[in-house]
1. Which chain B residue comes nearest the axis with its C-beta when you rotate B onto A, and by how many angstrom?
2. Placing a label point 7 Å from Cα toward Cβ, how far apart in nm is B:G75 from its equivalents in the other copies, listed shortest first to one decimal?
3. Could you tell me which residue out of B:M225, B:G207, B:V244 lies farthest along the dipole of region B:189-277 toward its positive end? Charges go on the beta carbon: Lys and Arg +1, Asp and Glu -1, centred on the Cα centre.
4. Would you mind listing the distances between the B:L150 label point and the same position in each other copy? Use 7 Å along Cα-to-C-beta, nm, one decimal, shortest first.
5. B:A361 label points, 7 Å along Cα→Cβ, one per copy: pairwise distances from this copy to the rest in nm, shortest first?
6. Label points 7 Å out from Cα along the Cβ direction at B:K113 and B:L360: separation in nm?
7. What full-extension length gain, to one decimal in nm, is calculated for B:D160 and B:D191 as 0.36 nm per residue of separation minus the Cα-Cα distance?
8. Based on the alpha-carbon gyration tensor of region A:105-225 and its eigenvalue square roots a ≥ b ≥ c, which shape applies: rounded if a/c is under 1.5, prolate if not and a/b is larger than b/c, or oblate?
There are 2 protein chains.
Amino acid sequence: MFEFDLLAQSGRARAGVFRTPHGDLPTPVFAPVGTGATVKALTPAQLHELGATLVLSNTYHLYLRPGDELIRDLGGLHQFMRWDGPMLTDSGGFQVFSLSNTRKIDGDGVTFKSHIDGSTHRFTPEKSIAIQENLGADIMMALDECSPPLDRDYNREALDRTHAWAARCAAAKQRGDQALFGIVQGGIFPDLREESARYLTSLDLPGYAIGGLAVGETKEQMHAMLEIVNDILPAHKPRYLMGVGSPEDLVNGVLRGVDIFDCVLPTRLARNGAAMTRSGRLNMKNAPYARDPRPVEEGCTCYCCSNFTRAYVRHLVVSDEILASVLLTLHNVHLLLTLMREMRVAILEGTFEQYANNFLANYPAT
Amino acid sequence: MFEFDLLAQSGRARAGVFRTPHGDLPTPVFAPVGTGATVKALTPAQLHELGATLVLSNTYHLYLRPGDELIRDLGGLHQFMRWDGPMLTDSGGFQVFSLSNTRKIDGDGVTFKSHIDGSTHRFTPEKSIAIQENLGADIMMALDECSPPLDRDYNREALDRTHAWAARCAAAKQRGDQALFGIVQGGIFPDLREESARYLTSLDLPGYAIGGLAVGETKEQMHAMLEIVNDILPAHKPRYLMGVGSPEDLVNGVLRGVDIFDCVLPTRLARNGAAMTRSGRLNMKNAPYARDPRPVEEGCTCYCCSNFTRAYVRHLVVSDEILASVLLTLHNVHLLLTLMREMRVAILEGTFEQYANNFLANYPAT
């Protein structure tokens, strides 16, 4: 359980399999986000058809609504949302720290107000683990502090909290069928990132995440931090880059040794009427699509592109139809899952460098 | 083409098959409504899985957005929304006459303002047919006036327009692969309903609708009108009761000789968080469902009830998740389509009277 088998490498890029109680998870992998126990706009059946293997849910949201104890009493999150594959929950920290005006941090934890009803709550490392044990995901995350990436003094101070909390999470954990991942922080500062990767490695956890990236730093800074951290983290443990999910960031992450990604981007863009493609983003509301008989992305084999025209999808978006969100979510998630599968095959076949170069050469600069 | 084969009768109830260019349509049948070229919240694949056979779209909405000529240029409505089964479009009259403050009627047609942008438009019988020929549904409807059911003078006057317009629609029609249905009007007045049924029968159309019911009259009045009209309409033509779709109204309609129904009720209720069941309506927001481990309707075989608890569905509804609309739409449409299939089998097997009595005895009074 929770073994990570490394099957092939190509430069820093890795193809592997992570063994979980809900099945083997081939990597590299992208996890669609099911914030409130649902990947927005999709049924679990559609997720299976898309070939999704890992789904993320958010501890902060589920703790507040419908409540982690309710989910536990109904058989756990897998049963509640009927996702029978591998599942990951975050610690709740990222959402709580995002509530910058209504939360107060101390060495022991963080006190915050609910975005739903303003009620006051408190997360400690032990509380986050207790909630995540009630939810019962295969992978759970240590409570960490995602700090502003460019502020060295703040990162120095926050990193000590993050490390102390990771150790407390590991000590608090009771269930044997869940893997606790630690989260490397340290902003854009190489020495802090190194220190964080080394400290968390010393805890000998079954996997490691890299947090605090894609939150305001440059792409070059993100890439540099990934290389520094992944050269320290143990090769036989999976590495998870949190909150990253644009096509070019996925390719750049795999190039630098990342195994697991998650992001709301494909589902959120879809609900805003935008399609992700291998040649950049399309705003489906745009007038030129009104009579366009082509699929959203030519050559794409998803349900949306196999059946419908841009003209139809634009009509649905302009008319604010639910089916617009459904079809664009199907397309966007299909694209990211397909990219991950293609990268995995390329790594296994030894052609990944060429694949990544081709992909990035054709992807527009952002 | 457009033959209606009557296979069995049980009292007034009928089981038949209507032959259309997009396949045989077993009756009695309920048509989910796809107002804007989409049955809200469902993909065509999900409609097929539900066993939907006939889908309705609205001429008024599609004329305004995206435009019937655009749909024609993209291959017609079947191709546009990828529904390859039988399809029906209404005339646009019902929506236009509902715009009571912004429309003006005369003997030749009706002038109205768009609910989208306030622009002025005009429907005549010929224009309605031209739009519906651009859309290309298998069944199209004559332009009629749906008048307040209790106002005799108004109904007397409107009925003459409705009849003159039906004849003009029949004369204007050009395509041979679409069946034009006339619409019986006359409010709650037996003599007007009789006159209307006789006049429209004289036009020898391939099918007939009964309009102007379920718009404010009592159930008893609706039932009386159905019996009067269906005793006059020719037995070898399908009969379509427009805008009716609660479970008890479907059973009562079939009992009185109706073959085809449509209604937004199952899809609209779903988006409002309500489930239709054989024992009445459930508001899934209600607090007692928060920890209810049962399916929405016990014994139901739909995707929602086969997989999810009331607790989960309530959580989705309370959280305003798209999946709430999807799952409840799947359930509600499944229920109505299943009822129609059960009624058809009962008519064919000669047990319909018992089936209807049982159903109505268990359905709560409304």
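1. Closest to the axis: B:I322, 3.
2. Nearest to farthest, the other copies are at 4.1 nm.
3. Most positive-ward Cα: B:V244.
4. Output for B:L150: 6.9 nm, nearest copy listed first.
5. Those separations, rounded to one decimal, come out as 7.7 nm.
6. Spacing of the two 7 Å Cα→Cβ label points: 4.5 nm.
7. Full-extension gain reported as 9.8 nm.
8. Working: a/c = 1.83, a/b = 1.27, b/c = 1.44.
Judged from the Cα gyration tensor, region A:105-225 comes out oblate (a/c at least 1.5, b/c at or above a/b).
The values are calculated or read from the model by the stated rules, or taken from the named source; none is laboratory data. As the structure is a prediction and not an experimental result, all values here were calculated from the model. FYI the Cβ positions are ideal-geometry reconstructions off the backbone, even for glycines, and counts take in every protein chain you see. To get the accessible areas, we keep the full protein, side chains included, count just its heavy atoms, and leave off ligands, DNA and RNA. Shrake-Rupley method; radii C 1.70, N 1.55, O 1.52, S 1.80 Å.
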